[in-house]
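The values are calculated or read from the model by the stated rules, or taken from the named source; none is laboratory data. In this text the structure is predicted, and so the values were computed from the model without any measurement. Every residue, glycine as well, gets a Cβ built from its backbone with ideal geometry; the counts of neighbours run over all protein chains shown. Side chains included, ligands, DNA and RNA excluded: accessible areas come from the protein's heavy atoms. Shrake-Rupley method; radii C 1.70, N 1.55, O 1.52, S 1.80 Å.
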Amino acid sequence: MTDIDKTAGPKDTPPAGAEAIKAIPVRHYGRYVTAVIAIAVLVAIINAFAQGKINWHAIPDYFFDDRIMTGVGKTLLLTVLSMLIGIVGGIILAVMRLSKNPVTSAIAWFYIWFFRGTPVLVQLFLWFNLGLVFEYINLMPIYKDYWSSFMTPLLTALLGLGLNEAAYMAEICRAGLLAVDEGQTEAAHALGMSHGKTLRRVVIPQAMRVIVPPTGNEVINMLKTTSLVAQVQFAELFRYAQDIGQNSGAPVEMYFLAAAWYLIMTSVLSVGQYYLERYYARGSSRTLPPTPWQKVKKNLTTFSSRKVTA
């Protein structure tokens, strides 16, 4: 009796006399044309800036100026403090929005509606000029002073940016909390966990996968939004760049300098955001996406292997 090999499949070799199929890759002429047009436009833009009446040598002269470095430090400090206010306030507002108490839910809704519906610059001017409504700030035995003395440019910037950010973070946190399946909460309650402990141990850790990506975008956006506080007399990177431009006679060049520093800071924050997202993706993805360094190593390895084969 002849044994039949059930694992054997069809032969890969073509039958005798048959001509092997030669695969010809499809040519994408549209891609070539688009690439040529994009490169031509980029060259034209670079050439226009190179021939413009801009003193490019002034930028490296002031790039590490003490005033610029002070402005960079204040910008980062203002970003961190404003985001702390926004994140803490956003979590509180999100819990209030999800509360079964109609009063707290309505208060949170009104707060989000007001601060999301008015521009940040308008809010900054309102905080700065509330002395027309409140002449004094009176905290009884703790503190009492005129509003104009109390509302310093730094406090105006923190309140204007932080409280506005809290409205956006509230919606981000609420979306993250709602993304967690209700069965997780029910199971935690069945195990005897309190509502607060369920939030801390079960709901919030799972909601972080939804909360972290938009929060990273909010941090980057906050870093750029800090340039608005120059309008309420707070000296940060953009304000220092303006002052140097007026004194040196190179205002446009200092705008490019400020833009370069903003690009550097946002690029660093983007890298941090990538690794933070990668960290919280461990529970939802079987294989984590490669890091930029891993991609570079893979491309170099592939290139070297092709070169050896050739």
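Brief remarks follow.
- Residue among LEU124, LEU139 that alone is open to solvent by less than 50 Å² (accessible area, probe 1.4 Å) and more than 20 Å from the chain's Cα centre (by Cα): LEU124
- Segments classed as helices (runs of 4 or more DSSP H), wholly inside segment 147-246, with at least 3 members that are closer than 18 Å to GLY90 by Cα and at pLDDT 90 or above: 153-179, 204-225
- Scanning segment 142-177 for residues that are open to solvent by 70 Å² or more (accessible area, probe 1.4 Å) and either more than 30 Å from VAL219 (Cα to Cα) or touching a residue at least 40 places away in the same chain (Cβ under 8 Å) (or both) yields ILE142, TYR143, LYS144, TYR146, LEU154, TYR168.
- Some residue of segment 241-255 being under 24 Å from the mean Cα position of the chain (by Cα), open to solvent by 30 Å² or more (accessible area, probe 1.4 Å) and over 30 Å from SER148 (Cβ atoms): yes
- Residue satisfying all of: in segment 65-111; of a type in the set (D, E, K, R) and assigned to a helix (DSSP H, G or I); farthest from GLY245 (Cα to Cα) among these: ARG97
- Subset of segment 183-238 that is under 30 Å from PHE64 (Cβ atoms) and open to solvent by 60 Å² or more (accessible area, probe 1.4 Å) - its residue that is nearest to the chain's Cα centre (by Cα): ASN217
- In segment 71-92, the qualifying residues are those that are among the β-branched types (Val, Ile, Thr) and open to solvent by 60 Å² or more (accessible area, probe 1.4 Å), and the one that is nearest to GLY162 (Cα to Cα) is ILE85.
- Among the residues of this structure, VAL88 counts as one that is closer than 30 Å to ALA235 by Cβ and either over 25 Å from the mean Cα position of the chain (by Cα) or modelled with pLDDT of 90 or more (or both).
- The number of residues in segment 19-53 that are within 30 Å of VAL252 (Cβ to Cβ) and assigned to a helix (DSSP H, G or I) comes to 15.
- Subset of segment 54-64 that is open to solvent by less than 70 Å² (accessible area, probe 1.4 Å) and not in a helix (DSSP H, G or I) - its residue that is nearest to PHE234 (Cα to Cα): PHE63
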